[in-house]
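Below is one structure, written out as structure tokens, with a few remarks after it.
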Amino acid sequence: MRICLETAGADRGLLVLDEDGAPFVRSAATTTAVSLERTPLDAAPDIARVVVGHVRRTGDMVVLDDARRSAFAAHAQASPCPVKSVLAVPIQRPDRAVGVLYLENTLVVDAFSLERVRSLDLLSGHISVALENSLLFEDRRRGELATQLLADASSALVESLDYAATLARVAQLAVPVLADMCAVDVVEDGQLRRMGVAHVDPAQEALMFEAGASYLDPGSPHPVVQVLRTGRAWLESEVDDALLHRLTRGPREAAIGAALGVRSAMVVPLFARGRTLGAMSFVSRQPGRHTARDLTLAQELGRRAAMAIDNARLYAESQASVQVRDQFLSVASHELRTPLTSLSMTVEALLDHTIPATPDNLRRTFSIARRQIARLTHLVDELLNVSRITAGRLALELDDVDLAAVVRDVVQRFAGEASRTGTQVALHVTSVVGRWDRTALDQVVTNIMANALKFGAGKPIDLTVEAINGTASLVVADRGIGIPSDRIPHIFERFERAVSARQYGGLGLGLYIARAIIEAFGGSIEAMSPGPHEGATFTVRLPRGRVEGPP
Amino acid sequence: MNHGGTALVLVVEDDLDIREVMRMVLEASGYEVLEAGDGAEALVVARAHRPRLILLDLMMPGMDGFQFRESQLRDPAIAAIPVVIVSGGGALPQKAAELGAAGYLVKPTDLQRLLAMMQDLCRDGARPRVG
């Protein structure tokens, strides 16, 4: 640029180059200093854009002897310092224009003599060749950097299934190659979490985490939230204060953005198997830093990161279901062994005369044996029911059934167990007849009642049956050990239990079966617990169907 | 069966039916039986009566068998009472070794093995207290 200034006798020069289809000021020079930059032409100060535009369009050289009296005078006058002479030379390759060399002289009218213009024209030819070479080199260098980044990121991502750690590592790889700062946000349990950040100045990373905490609001105009909503990448290479203000909510957020010096930014979705799992943000402090080409690279990085998250999650899910199955098998075997233990001991003891076969002993042992057979039958029924529900073969025979009568039957059946555990059971029932399957409804009440007795800690249990707005309602309230609030959403799932299997037996299927039957009737079941040791309340609502005859 | 005296045995088991059968069988075999439905109750009963032997279930509500054994070993008054694990869970030999149990029996329990093991343990060392 200095040579150009000298050759032309100009006191200021700008090199405008086309990149990614748009003109950028890549270098600005005065007689004392040359700077390298990358400012979009539209944003560059003090340049006769009209002149540059004309040269780019036509490929002709423009020489203004006296800028103030030319057709482009409007611009010259708007310029803060009066420009006297302007020279704009196209830089051309055989097939296209690649840029414009723009020179000014603010002191002298008619500064650019014919001779100087000729040598400058020659110089522009050299510039274009040199430029072409450097562009090719730059292209290759960029390509290499991109390949390297993707390779490093991929190997970091496959290294471990702990994606929180690998995502933080990928963010670090992207800085400074792709941006001054990078952040990864992932949706976990419906909440957006900032998993990793990287900044060319690590001292700023705390601020980036703070920035991440502020746009959790799903209505936020923040680009990360937008990208999560639309699943489409977002690029803004010119971020000014006004835009920063529009994209953030509240002064604190805008202040963080300003403190980080956000001037160019892109956000890409972390997209895998049809779902947006999160977003990756690339931010720089230099306007115009991020181009469409960078966005493509960032999107590729995002795709790979998303695949890693997806794989890690699938693996965790399959591990969890294997664990649930193993736990179920161990619980199921314990549940089957318990009645078998008393059953086999009574039979053995009678056979080898450890217990003398007196009428009283026979009566006691047989009644124990009968209870164990009932327990085993119930376990087998439960397992069969679950396999029917899983296979979607729950056959219901609808009949006019009184829910209150079913509840009374069940409570009667549990009377022995209630008295053994010292539990008082209070019934508050009015007759509510609906079209239900009697056996299935009995199972629902049995399972909820068994649950209340098991976790009721011997404290009173209240059962209420009534019709509410034409719907049958059953409420079973105990005052036992309660359910931790984080377990409530899970207790109706298969094999689930809110307590340790080591301490409370049961297959963990009762409430799952109850819910499946209730839903087959078109009803709903809800659990509520104020907290540990404050009991639990189960509320069942059942539509009554078409009832024949008076209730 | 003759033990030359009545040994006091504590059955720690949450299942009421198993407890009832154990009581019938052990009483018929000449033992005196104490019962506890969980670990906490077992500690109280053991401290009060110093049984000759403890039959311990592992999976119980409230204080389970593992926690009971920990507390038992911390209390010098009852630490020396031998414990036989009676459980339906897996890996019993390892669990019994970890808990320093005198023996273990898998549920459903073989009656003759139970009685033989009890006889062995009640014969060793001090004579069982005479009721």
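Please compute the modelled spin-label separation between A:Val347 and A:Gln323, points set 7 Å along Cα→Cβ, answer in nm with one decimal.
Result: 3.8 nm between the two label points.
Any idea what angle helix A:438-455 forms with the longest principal axis of chain A, computed on alpha-carbon atoms, 0 to 90 degrees, nearest 10?
The angle comes out at about 80 degrees.
For region A:389-444, build the convex hull from the C-alpha positions and give me its volume per residue in Å³.
Numbers: hull volume 5.1 nm³, N = 56.
Dividing the Cα hull volume of region A:389-444 by its residues yields 92 Å³.
In whole Å, largest first, what are the principal axis extents of the Cα atoms in chain A?
Here the Cα extents, ordered largest to smallest, are 133, 56, 40 Å.
Residue by residue through A:224-237, how many Cβ atoms from other chains fall within 10 Å of the Cβ on average?
Details: counts 0, 0, 0, 0, 0, 0, 0, 0, 0, 0, 0, 0, 0, 0.
Partner-chain Cβ atoms within 10 Å, mean over residues of A:224-237: 0.
Please give the contour-minus-distance gain from A:Ser485 to A:Ser419: 0.36 nm per residue of separation, less the Cα-Cα distance, rounded to one decimal in nm.
In short, 20.8 nm is gained.
Along Cα→Cβ, 7 Å out, is where each label goes; now give me the distance between the ones at A:Ala255 and B:His49 in nm to one decimal.
Spacing of the two 7 Å Cα→Cβ label points: 7.1 nm.
Given labels modelled 7 Å from the Cα in the Cβ direction, how far is it in nm from A:Ala316 to A:Glu115?
7.7 nm
Return an integer: the convex hull volume of the alpha-carbon atoms of chain B, in Å³ per residue.
Working: hull volume 12.6 nm³, N = 131.
Hull volume normalised by residue count: 96 Å³.
Determine the gain in length on full extension of the stretch A:Asp60-A:Glu138; use 0.36 nm per residue of separation and subtract their C-alpha separation, reporting nm with one decimal.
Value of the extension gain: 25.3 nm.
Considering every residue in B:57-67, what mean count of other chain Cβ atoms within 10 Å of its Cβ is obtained? Show your work: numbers first, answer last.
Details: counts 2, 2, 10, 4, 10, 4, 1, 3, 1, 1, 2.
That average works out to 4.
How charged is the neighbourhood of A:Lys459? Take every other residue with its Cβ under 12 Å from the Cβ of A:Lys459, and add Lys/Arg as +1 and Asp/Glu as -1. Before the final figure, lay out each step's value.
On the way: positive: A:Arg479; negative: A:Asp462, A:Asp478, A:Glu534.
Within the 12 Å Cβ shell, the charges total -2.
Could you give each residue of region A:268-275 its phi-based ³J(HN,Hα) in whole Hz, using Karplus coefficients 6.51, -1.76, 1.60 with θ = phi - 60°, and x for Gly or Pro?
Values per residue, Gly and Pro as x: 10, x, 9, 10, 8, 6, x, 10 Hz.
Taking Cα centroids, how far is region A:13-46 from region A:233-302 in Å?
Going from one Cα centre to the other spans 24 Å.
Out of all DSSP beta bridges in the protein assembly as shown, what portion is antiparallel? Express it as a percent rounded to 5.
80 percent
When Cβ neighbours within 10 Å are restricted to other protein chains, what is their mean count per residue of peptide B:105-113?
Rounded to a whole number, the mean comes out at 5.
Specify the residue with the greatest mean-square fluctuation among B:Val33, B:Val83, B:Val21, computed from a Gaussian network of chain B linking alpha-carbon atoms under 10 Å apart.
So, out of B:Val33, B:Val83, B:Val21, the one fluctuating most is B:Val21.
Hey, what angle do you get for helix A:403-413 against the long axis of chain A, alpha-carbon based, 0 to 90 degrees rounded to 10?
Rounded to the nearest ten degrees, it is 60.
Applying the Karplus parametrisation 6.51 cos²θ - 1.76 cosθ + 1.60 with θ = phi - 60° to the phi angles of region A:46-54, what ³J(HN,Hα) value in whole Hz is obtained for each residue in order, glycine and proline being reported as x?
Each residue's phi maps through the Karplus curve to give 6, 9, 6, 4, 4, 5, 4, x, 4 Hz.
On a 0 to 90° scale, report how tilted helix A:510-520 is relative to the longest principal axis of chain A, with both axes built from alpha carbons and the result rounded to the nearest 10.
With rounding to tens, the tilt is 80 degrees.
Taking R0 as 25 Å, what's the FRET efficiency between A:Val187 and A:Glu526 from their Cβ-Cβ distance, rounded to 0.05? Write out the running numbers ahead of the final one.
Details: r = 27 Å, r/R0 = 1.07.
Efficiency at R0 = 25 Å is approximately 0.40.
Beyond 26 Å, what share of the Cα-Cα pairs of region A:311-434 is found? Please give it as a whole percent.
Pairs farther apart than 26 Å: 52 percent.
Values quoted throughout were computed directly from the atomic coordinates according to the rules given, and no laboratory measurement underlies them. Since this is a predicted model, take the numbers as computed values, not measurements. Note: ideal-geometry Cβ built from the backbone for every residue, glycine included; neighbour counts use all protein chains shown.
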